[in-house]
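Asker: Quick one: the structure is below, questions incoming.
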Amino acid sequence: MILYRSQIEGVGSYLPDRVLDNAELARMVDTSDEWILERTGIHRRHIAAEGQFTSDLATRAGERALAAAGMTGGDLDLIVLATATPDHTFPATATKVQARLGMTRGAALDVQAVCSGFIYALSIADNFLRLGQARTALVIGAETFSRILDWNDRTTCVLFGDGAGAVALRAVPVTGKPDERGILSTHLHSDGRHHDMLYVDGGPSTTRTTGFLRMMGREVFRHAVANLAQVVDEAMSANGMRASDLDWLVPHQANRRIIDGTARKLGLDTAKVIVTVGEHANTSAASIPLALAQGVGDGRIRKGQLVLLEAMGGGFTWGAGLVRM
Ligand code: ACO
């Protein structure tokens, strides 16, 4: 029997043109560049244009990941799209992307795990490929969080942005050689008891409206630091590795202080952490593939290097993935 592993063949991302910086935001709500920067590390964020949807961002990022992989939509067996801001309640935004990428077979589905969405989507696609149910997959994280923000609530609206990132995967036979490329393991968790700490106060079955994001920031911060430390340890020890083996940490980009806290816990030099939160803010499910695309694009992350991905989000959900690029 042949065993398979999922290899990342290409990475791509897309950010809307419109940039909203802290100074402009301070003219909209009672905040300041200093407050936002000191508490979060965020300078600016990208905002989708009127009429530009999550599917548009996802398609652009997906096209770029496929091009980097030397693949086309016609080569794909599976699309898994992580988003908390779908175009419509149904059908899945992934099916729209499927059509636009020219993929007419296989399956396309959305995954909802908010900021952990990309790790969840990657884990699902990895399992399809390992089981031989798909040979190729496109995993996308795409969000238009600007549409679910209460722009009068300074405690939340300053934290988020829009964007998309994607990776193209191919199943390759496991050879058993050391330093084999591919997804080594993924680790997922959730704990629904913390629903009320981070949620959207609307939805088709409750209010029949879309609603706005609500968050108990301080509580979320506390749980994020603890949960990320736990899952990062879990991923490293499951592979018999130590943080010193890592070439890069590519964390979910919620807050510079959470990122620095996780790096400190790992004993990892901050020079080994890809940080994009300053330029993108928190793009939820899109933040990890956006950061990964930045690291690959500027030549820092190279083939064969060991990369740890981690995220925590509403639900609560949290997870990690260890990848040899
Ligand atoms: N501008 C100016 N003042 C503000 C702003 C703002 N944008 N927002 C809140 N304040 C004020 C508050 O009203 C409060 O004033 P008060 O003391 O007079 O009542 C004061 O600043 C302190 O507010 P806190 O909420 O206690 O500030 P804190 O230091 O906790 O920072 C923050 C808030 C940045 C949200 C922090 O708690 C955090 O980063 N939490 C994590 C949340 C997160 O990242 N969520 C993303 C989704 S989950 C994930 O991705 C991990």
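Asker: Would you calculate the convex hull of the Cα atoms in segment 219-325 and tell me its volume per residue in Å³?
Answerer: 88 Å³
Asker: Out of residues 5 or more away from residue 184 or on other chains, whose amide H comes under 5 Å of its own, with H placed 1.01 Å from N in the peptide plane?
Answerer: Those lying under 5 Å, H to H, from residue 184 are 322, 323, 324.
Asker: Taking amide H positions as placed 1.01 Å from N in the peptide plane, with prolines and chain starts having none, which residues 5 or more places from residue 79, or on another chain, fall under 5 Å of its amide H?
Answerer: 107, 108, 109, 138
Asker: Using just the alpha carbons, could you tell me how many Å³ per residue the convex hull of the chain encloses?
Answerer: Here the figure is 128 Å³ per residue.
Asker: Moving on to the next point. Could you give the dipole magnitude of segment 4-173 about its Cα centre, charging the beta-carbon of Lys and Arg +1 and that of Asp and Glu -1, in debye to the nearest 20?
Answerer: 680 debye
Asker: Let me ask something additional. Can you tell me which of 44-52, 32-40, 82-90 comes out highest on packing, and rank the rest after it, using the mean Cβ neighbours within 10 Å?
Answerer: Listed from highest to lowest mean packing, they are 82-90, 44-52, 32-40.
Asker: While we're on this one: Can you find, among 293, 194, 137, the residue sitting farthest towards the positive end of the charge dipole of the chain, where Lys and Arg contribute +1 and Asp and Glu -1 at Cβ?
Answerer: Farthest along the dipole direction, towards plus: 137.
Asker: Suppose every Lys and Arg Cβ carries +1 and every Asp and Glu Cβ carries -1, with no other charges. What dipole size does the chain come out with about its Cα centre, to the nearest 20 debye?
Answerer: So the dipole magnitude of the chain works out to roughly 660 debye.
Asker: Per residue of segment 302-316, what does 6.51 cos²θ - 1.76 cosθ + 1.60 with θ = phi - 60° give for ³J(HN,Hα)? Whole Hz please, x for Gly and Pro, Karplus curve as stated.
Answerer: 10, 3, x, 7, 8, 10, 9, 9, 8, 7, 9, x, x, x, 6
Asker: Rounded to two decimals, what is the ratio between the C-alpha radius of gyration of segment 4-173 and 2.2 N^0.38 Å?
Answerer: 1.11
Asker: Still on this structure, please answer the following. How large is the charge dipole for segment 168-325, taken about the Cα centre, if only the Cβ atoms of Lys, Arg (+1) and Asp, Glu (-1) carry charge, to the nearest 20 debye?
Answerer: 160 debye
Readers should treat all values here as calculations from the given coordinates under stated rules, not as data from a laboratory. In this text the structure is predicted, and so the values were computed from the model without any measurement. As a convention, Cβ positions derive from the backbone with ideal geometry for all residues, glycine included, and neighbour counts pool all protein chains shown.
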